[in-house]
Each structure stands twice: as structure tokens, then as C-alpha cells.
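Trainee: Take a look at this one; I'll ask things after.
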Amino acid sequence: MLQRLLKVTWAVGRSDTGWMTSLTFYDYVSQVFEPWLTANQIPRPVLVYADGHKSHLSLEIAEFCTEKLILLIALYPNSTHLLQPLDVSVFKSLKSLWTTAKNKWKAANPLENVIKKTFPKVFKEAVDQVSIGTVVNGFQITGHYPLDQEKVDYSKCVKDQQVHEIADAEQLYQTDGYAVQPLMTGLRFLEERIGYEKLQMFESAYGGEWLGDVEDNSLFMLRSNVKDDIGSFHLTHPGPLSAVENTRPS
């Protein structure tokens, strides 16, 4: 039904959990991506980057890609925030466009919510506004094309290293009558459970106004207030402010 509503040559997949599985990824590559390459006469071999999630690494997909001259490259674990073009460039723009499209639809339909039947139309409005330049920029700033390792933002690696140093430190800082270390631990616990993509949205909006989903406003404010308390302490005790190593669900 959703595919009919889209009225475009998109494919709609599903799984019991809502997460990508080996079967859904194989179906996408074999029934959507590879036929698209053939229909558009794209020269082979083609290079495809994917994160190292286990759903992308099955024997069936490896054999199919080998046969069809598709070179599937798995990125390093826990590096999508550094190396995946979608994460680094596209998703932030798409989420902003999605929020705008959703709010526009809700303004025109104040008594309704976006449901499965209306989602494709609203989402397509957001997707259609993602520019080719944004996609190309994602490959450039992650160093994939042109191939250039110096394009990678290694400062994010430094921040993650500081996180481990904080987690392993035995020193307990005190300020204004309470311990800052429990705040750091609490922030780390909170961020690990927010999820990678939403955490990136929170970080982008930190210090300003939350313009995303209304139901996430309280969570955003809680995280911001804790970071502000930790930041106030570090004004007089310089040191790293980050409190969590971002991870994806496996």
C-alpha cells in the first residue's frame, strides 16, 4: 500500500523489529539497487560503502555482490560519525527538512497526525529537497571521494579519547557543594540511551532552541541543563566536556 501511495519507483521494506536485517538488506540490493544500476547502465564495478552492522555482512549478500561486480566496503566499527557520508552530511539536513515538512502538514491538517498512510507524501516532500550538493559534500568531507584521509574530522576521535580518560579517572571533582563526577556519569548514562541519531540532533541544537519533535523537548532540556552544570565547573577547572562515546545499536 505504501509503495502505491508513493507513486514513485521507491521500495518499501519491513522487518519484525523495525531494524535492518540481513534479509531486508539483501532484498534491497538484489531487487532495488542492482536493477537500478542495470536500468541506468552504470559501469561496473561500483563501490558501495556501508557501516559494519551484521545485517550488511551475510554470506548471501557477499556472493551476490561479487557476482554483480558490486564492491561492498564495510566502514570501521563505531566510526560512522566520522566516515559515513549520510551521517556526516545528509541526515542532519534531511531531519531538518522532515521537521519542516511535518509541521507544514500538521498546520494544514490540525486534527490529524502523520500516520502510515500519510507518511510517504510528507516524507517525499522532505527528501525531494535534499540537494545533490549535500550528498556530494558528504563524500568529500569524509575523505571518500576524492580519496583524502586528511578530510576526516579527527577532532571527534580526540573527544572520544577524552571521554575514556574521564571515565577511568579516580579524581572526584567538587563544586558548589556537589560532586561533578556523578553528573558526568549521569550524562554518559543518559546519552548512551538516547540513541546516536537523536543525540546528534540534540548536540546540533545545544545552546539554542529545540525545534524538533515536541515530545523530545523535555529530554533535550534535561541533557542541556546537565551539560551546562558540567560546563560551569570546567570554567574554573579546564578539561573535556564530552561525556559519552556515541554508539549505534547492533
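The values are calculated or read from the model by the stated rules, or taken from the named source; none is laboratory data. Not measured: the values here are computed from a predicted model. Neighbour counts are summed over all protein chains in view; Cβ atoms, including those assigned to glycine, are modelled from backbone coordinates with ideal geometry. Surface areas here come from the heavy atoms of the whole protein model, side chains and all, with no ligands, DNA or RNA. Shrake-Rupley method; radii C 1.70, N 1.55, O 1.52, S 1.80 Å.
Trainee: Between residue 117 and residue 196, take the C-beta separation as r, use R0 = 30 Å, and let me know the FRET efficiency to the nearest 0.05.
Mentor: E(calc), rounded to 0.05, equals 0.55.
Trainee: Can you tell me the FRET efficiency between residue 36 and residue 131 if r is taken as the Cβ-Cβ distance and R0 is 25 Å, rounded to the nearest 0.05?
Mentor: Computed FRET efficiency for residue 36 and residue 131 comes out at 0.80.
Trainee: Quickly work out the residue 46-to-residue 63 label distance, labels modelled 7 Å from Cα along the C-beta direction, and quote it in nm with one decimal.
Mentor: 2.2
Trainee: With labels modelled as points extended 7 Å from the Cα through the Cβ direction, what inter-label distance (nm, one decimal) is found for residue 228 paired with residue 11?
Mentor: Taking the two extended label points, one gets 4.8 nm.
Trainee: Starting from the Cα of residue 153, step 7 Å toward the Cβ, then list every residue of the range 64-82 with an amide N under 18 Å from that point.
Mentor: The answer is 76, 78-82.
Trainee: Could I ask something else about it? Give me the accessible area of residue 221, 1.4 Å probe, in Å² rounded to the nearest 10.
Mentor: Accessible area of residue 221: about 80 Å².
Trainee: Straight-line reach from residue 116: which lysines fall under 30 Å, measuring Cα to Cα and dropping same-chain residues less than 8 apart?
Mentor: 7, 54, 92, 95, 102, 104, 106, 124, 198
Trainee: Could you give the semi-axes, largest first, of the ellipsoid that matches the range 1-142, computed as the square roots of 5 times the alpha carbon gyration tensor eigenvalues and rounded to whole Å?
Mentor: Three semi-axes, in Å: 29, 19, 16.
Trainee: Something else about it: If you keep only loop residues by DSSP, which trypsin sites (Lys or Arg not before Pro) in the range 1-108 have at most 13 other Cβ atoms within 10 Å of their Cβ?
Mentor: The qualifying sites are 7, 14.
Trainee: Separate question: Compute for the range 41-84: radius of gyration divided by Kirkwood radius, i.e. Rg/Rh, restricted to C-alpha atoms, rounded to two decimals.
Mentor: 1.02
Trainee: Moving on. Please find the FRET efficiency linking residue 206 to residue 28, where r is the Cβ-Cβ separation and R0 is fixed at 30 Å, and quote it to the nearest 0.05.
Mentor: That pair, residue 206 with residue 28, gives E of 0.30.
Trainee: In the range 13-117, if the dipole is taken from +1 on Lys/Arg beta carbons and -1 on Asp/Glu beta carbons about the Cα centre, which of 105, 21, 53 is farthest to the positive end?
Mentor: About the Cα centre, the residue reaching furthest to the positive side is 105.
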